[in-house]
1. Quick check on the stretch 9-25. Is at least one of its residues under 15 Å from the mean Cα position of the chain (by Cα) and modelled with pLDDT of 95 or more?
2. Search the stretch 102-115 for residues that are closer than 15 Å to GLY38 by Cβ and pair each with any residue that is within 12 Å of the ligand (Cβ to nearest atom) and assigned to a strand (DSSP E or B) when their beta-carbon atoms are under 7 Å apart and the residues are at least 6 apart or on different chains.
3. Can you tell me which residue within the stretch 104-115, out of those that are at pLDDT below 90 and more than 14 Å from the ligand (Cβ to nearest atom), is surrounded by the most Cβ atoms within 10 Å (Cβ to Cβ)?
4. Select, from ILE72, ILE19, the only residue that is buried (at least 18 other Cβ atoms within 10 Å of the Cβ) and in contact with a strand residue (DSSP E or B) (Cβ under 6 Å, 6 or more places away or on another chain).
5. Given the conditions (1) more than 14 Å from PRO309 (Cβ to Cβ); (2) of a type in the set (Val, Ile, Thr); (3) crowded, with 19+ Cβ neighbours inside 10 Å, report the number of the one that ILE271 does not fulfil.
6. Quick check on the stretch 93-100. Is at least one of its residues over 26 Å from LYS270 (Cβ atoms), touching a Leu at 6+ places or on another chain (Cβ under 6 Å), at pLDDT 95 or above and not in a strand (DSSP E or B)?
7. Have a look at TYR255, TYR165 and point out the one that is over 18 Å from LEU298 (Cα atoms) and of a type in the set (Phe, Trp, Tyr).
8. Quick one: what pairs do we get from the stretch 189-209, first residue hydroxyl-bearing (Ser, Thr, Tyr), second within 11 Å of the ligand (Cβ to nearest atom), C-beta under 8 Å, 6+ apart or different chains?
Amino acid sequence: MKMSFRWYGPDDGVTLEKIRQIPNMHSIVTAVYDVPVGEKWSRESVFALKKQVEDAGLHFEVIESVPVHEDIKLGRPTRDRFIENYIANIRLLGEAGVKVICYNFMPVFDWTRTQLDKVLADGSNALVYYKDQLEKMDPLTGELSLPGWDSSYTKESLKEVFDAYKEIDEEKLWENLGYFLKAIIPVCEEVDVKMAIHPDDPPWNIFGLPRIITCEKNLDRFLKLVDSKYNGLTLCTGSLGCTLNNDIVHLVDKYSAMGRIHFMHVRNVKILEDGSFEESAHFSPCGSLDVVAIMRALHKNKFDGYLRPDHGRMIWGETGRPGYGLYDRALGATYVNGIWETLEKLDR
Ligand SMILES: [Mn+2]
């Protein structure tokens, strides 16, 4: 298990120096953030990023994300140009020593929450998804914008892309994902860069848009689209685990035994009675997931991929990017390190 931490680049208040001081920290998870979705990243930006990370004593081996242009998801005739750019980025990142690329295939929006600063009983605040709040949200008229969403959409362009998705059902989205994978995975095999798709978050259709990376049956189907270890998963426990329909420990065990998990996102969520959820501290009793059982499954299968503590709460008065403060994620990393060390020693 190689511990890693997401870093949003030089503008991130959580600096590389701070991240390095978390025990057992191995890799930085980052991206080039100033290039529009679908375009080629420059050699200068990628190698400057690599140098910064390595100068801080950390490895530059995981990219999250290289975003997939909407035309690829929609299967538009223009997709081939964007796939060519995507392949150029894979080759460039491979040259820079990157081992894993995380990406997702969610139409229009990345992860969705209904509130970013819900105050919990202990005075910390966290990201939450309340079904009743979601029903009142309309991205076409509201002012909704979440971190991680492509902020380049105007109201008109958002309406245009929503209209385009009226023609795309789940089967069509599968077809477009297959087309994309068949083009890129042979290149990944050639340059030794593993692709790791992030599950849809939350794992159900939202605002009428289809979502397919949601459950065991669909993960099986995904892995068979191109049956290569280079076509793998980012197993995000909080994304797949916010519904009781997914047995996270089983999924982690099954896919790590197959060698198809290249990147783990470990966080906890508390599932509420109506199917809403709140992000919680990593410690198992704080949420609905058994983090020890998740780590035990990885350990049993000799997981040697990357793992990062995913979203944390805001604690101790910290402010900053929702979900991506320093303190609670550092506590999460330390908690996971402790579980892993225990498993290693019990095994001897
Ligand atoms: Mn995640």
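The values are calculated or read from the model by the stated rules, or taken from the named source; none is laboratory data. What you see is a predicted model, and the numbers here were worked out from it, not measured in a lab. Don't worry about glycine lacking a Cβ; one is built from the backbone with ideal geometry, like all the others, and counts go over all protein chains shown.
1. Checking the stretch 9-25: not a single residue is under 15 Å from the mean Cα position of the chain (by Cα) and modelled with pLDDT of 95 or more.
2. Taking only residues 6 or more apart or on different chains, the pairs are TYR103/ILE197; ASN104/ILE197; PHE105/ILE197.
3. Restricting to residues being at pLDDT below 90 and more than 14 Å from the ligand (Cβ to nearest atom), the top hit is PHE109.
4. On the way: ILE72 fails: in contact with a strand residue (DSSP E or B) (Cβ under 6 Å, 6 or more places away or on another chain).
Being buried (at least 18 other Cβ atoms within 10 Å of the Cβ) and in contact with a strand residue (DSSP E or B) (Cβ under 6 Å, 6 or more places away or on another chain) holds for just one of ILE72, ILE19, which is ILE19.
5. Result: ILE271 fails condition (3) only.
6. no
7. Values: TYR255 fails: over 18 Å from LEU298 (Cα atoms).
None of the other options fit; the residue is TYR165.
8. Taking only residues 6 or more apart or on different chains, not a single pair turns up.
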